[in-house]
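Working notes, beginning with the structure itself.
Every read-out reported here was derived from the displayed coordinates using simple, explicitly stated rules and does not represent laboratory data. In this text the structure is predicted, and so the values were computed from the model without any measurement. Ideal geometry is used to build each Cβ from the backbone, glycine not excepted, and the neighbour counts take in all protein chains shown.
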Amino acid sequence: MENELKKTKEFWDNNYFLILSLIPLFLIILFQPQQSTIIPVFFGDGEIALFDLWSIQHFLAGVLIGSLLLSPKNEPTKKWQRIIPFILFIALTWEAVEIYLETGVVFENWKNFEHWTNRIITDPLMILLGGAVGYLIKESWRIAVIPAIMWLVIKALLL
């Protein structure tokens with residue numbers, strides 16, 4: 001019995017962010033509006049495309065998150081296998097919040113709903129890829145930080 005409890009605790013310790021990621025994923029699926037196009041175009045407007053211009057911002061954010069979480073001073077205490085689910089949790093939680101923002105309740109000018117493939121597949125994948133780059137190329141945050149901040153400032157000014 002004690003061995004089974006130890007295995008259960010070990011499983012939970014290694015996978016809690018992966019399991020918690022199911023909550024925002026469920027919210028995204030629940031609140032994602034129906035769209036007229038089931039199959040997206042490869043690149044274009046986020047409402048109909050797998051990739052959009054915001055995919056670049058998601059990649060840059062991933063680089064910054066990966067660099068921050070996987071900096072050399074954190075590396076001995078945090079394992080890459082635990083960081084990937086954490087980054088996925090952050091990405092999916094943001095996508096769930098973004099659905100609320102896209103209703104226009106907070107920002108009246110922000111009323112476009114991303115295609116479900118962009119929201120569930122591409123955006124989290126770009127953040128994960130950026131996180132991998134941030135981990136593998138330690139100084140990559142220096143290249144990503146200015147374009148990421150500029151992108152967000154321009155978006156804020158357009159709202």
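Of all the options 124, 33, 85, the one that moves most in a Gaussian network model of the chain with Cα springs shorter than 10 angstrom is 33. So how many Lys-Lys pairs in the chain land under 18 Å Cα to Cα, not counting same-chain pairs under 8 apart? Counting lysine pairs in the chain gives 6.
Mean-square fluctuation check for the chain, GNM, Cα pairs under 10 Å: which of 12, 94, 54 is largest? Fluctuation is largest for 12.
Using the Kyte-Doolittle scale, which helices in the chain average at least 0.5 and also have C-alpha atoms spread 15 Å or more along the helix axis, with helices defined as whole DSSP H runs? It would help to have the intermediate numbers written out before the result.
Working: long enough: 2-20 (25 Å, -0.93); 54-69 (22 Å, 1.44); 80-102 (32 Å, 1.02); 123-136 (20 Å, 1.43); 140-158 (28 Å, 1.71).
Qualifying helices: 54-69, 80-102, 123-136, 140-158.
Based on the Cβ-Cβ distance from residue 146 to residue 80, what FRET efficiency comes out when R0 is 25 Å, to the nearest 0.05? Intermediate values should be presented prior to the final figure.
Details: r = 26 Å, r/R0 = 1.06.
Efficiency, from the Cβ-Cβ distance: 0.40.
Highest GNM mean-square fluctuation among 122, 93, 103, for the chain modelled with Cα contacts below 10 Å: 103.
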